[in-house]
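K.L.:
This is the structure, below, for whatever I ask next.
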Amino acid sequence: MGNSMIRCTAVMLAAGMGLRMGTDTRKQYLMLGGMPMFLHSIRTMQESEYITDIIVMAHRDDLEVVREFLEEYGFTKKLRKIAVGGKERVHSVANGLEAIDWPCDYVFIHDCARPFLDQTTLFRLFETVQTTKACCAGVPAKDTVKVVDENCDVKTTPNRADVWIVQTPQVFSFELIRDAHRKALAQEEYLSSQGIVLTDDSMVAELAGNCKVRMVMATYRNIKITTPEDLVIGDAFLKA
């Protein structure tokens, strides 16, 4: 199956409030290496031979700002739409999936707060999703992980060899993940009453899509910029 036949949409999440950064500017617009942080991964998607379309999820107050940035830096080549994000991340993704009204086989859902996405990871995800229908970028945990109870007492220590740190992109067959989001959001109140918070799309696929998600090796550089310390690390990566 040649790539020209396969349509992949990148759903780029840039709608967050960025509260943990402690700045007046939303973190996605902070400058990193000479351009707003959220544009780095959009550039990577635009340059990828596997991505055919891009939709950017933005805060409702920022649609024009986002459009201006994309135009100013030349990242509109594959842009289909800038759409309004939701209350939480899971709602932003659901809004994005519902807004896709062009041919789409697979979706690459990515947090723009991860600016160091690379082409090799995109290639691995593209290859994997065609056989698995659901896969996630990630890396094996370097640290030992503890599972704790409400008092922070350790309940279990999983074998480190079995633990991966999940990143994005998370990649799915389009209809599978769209339908899983519809199902999950219809049960949202029930899930939260059970203490289940949908923090990523692979969880949605596992719970509502009834499918296995394959982990795909990414890089330890694919960090999420959340706190001021992360910006320092990000700058160091760029200098290197």
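K.L.:
Can you spot a residue in the stretch 162-185 that is open to solvent by 10 Å² or more (accessible area, probe 1.4 Å), among the small types (Gly, Ala, Ser), farther than 25 Å from residue 234 by Cβ and without any contact (Cβ under 8 Å) to a residue 60 or more places away in the chain?
P.N.:
The answer is no, given that none of the residues of the stretch 162-185 is open to solvent by 10 Å² or more (accessible area, probe 1.4 Å), among the small types (Gly, Ala, Ser), farther than 25 Å from residue 234 by Cβ and without any contact (Cβ under 8 Å) to a residue 60 or more places away in the chain.
K.L.:
Let me ask something additional. I'm checking my understanding of the structure. Among residues of the stretch 65-89 that are touching a helix residue (DSSP H, G or I) at 6+ places or on another chain (Cβ under 7 Å) and of a type in the set (Val, Ile, Thr), which one is most open to solvent (accessible area, probe 1.4 Å)?
P.N.:
76
K.L.:
Looking at the structure I just gave you, is residue 231 farther than 25 Å from residue 37 by Cβ, in contact with a Leu (Cβ under 8 Å, 6 or more places away or on another chain), in contact (Cβ under 8 Å) with a residue 12 or more places away in the chain and open to solvent by less than 40 Å² (accessible area, probe 1.4 Å)?
P.N.:
Against the criterion (farther than 25 Å from residue 37 by Cβ, in contact with a Leu (Cβ under 8 Å, 6 or more places away or on another chain), in contact (Cβ under 8 Å) with a residue 12 or more places away in the chain and open to solvent by less than 40 Å² (accessible area, probe 1.4 Å)), residue 231 does not qualify.
K.L.:
Further question: Can you work out which of the residues in the stretch 205-228 that are in a helix (DSSP H, G or I) and open to solvent by less than 50 Å² (accessible area, probe 1.4 Å) is modelled with the highest pLDDT? Give the derivation first.
P.N.:
Applying the first criterion (in a helix (DSSP H, G or I)) to the stretch 205-228 yields 205-208, 228.
The next check asks that each one be open to solvent by less than 50 Å² (accessible area, probe 1.4 Å); those that pass are 205, 208.
Details: 205: 94, 208: 85.
Only one residue fits best here, namely 205.
K.L.:
List pairs: first in the stretch 71-88 and of a type in the set (Gly, Ala, Ser), second part of a loop (DSSP other than H, G, I, E, B), Cβ under 7 Å, 6+ apart or cross-chain?
P.N.:
If the second residue must be part of a loop (DSSP other than H, G, I, E, B), the pairs left are 85/15; 85/59.
K.L.:
Still on this structure: Please name all residue pairs, on different chains or six or more residues apart, with Cβ atoms under 7 Å, provided the first residue is in the stretch 121-149 and is among the hydroxyl-bearing types (Ser, Thr, Tyr) and the second residue is open to solvent by 70 Å² or more (accessible area, probe 1.4 Å) and modelled with pLDDT under 95.
P.N.:
144/160
The values are calculated or read from the model by the stated rules, or taken from the named source; none is laboratory data. In this text the structure is predicted, and so the values were computed from the model without any measurement. FYI the Cβ positions are ideal-geometry reconstructions off the backbone, even for glycines, and counts take in every protein chain you see. Quick note on the areas: whole protein, heavy atoms, side chains included, nothing else; ligands and nucleic acids left out. Shrake-Rupley method; radii C 1.70, N 1.55, O 1.52, S 1.80 Å.
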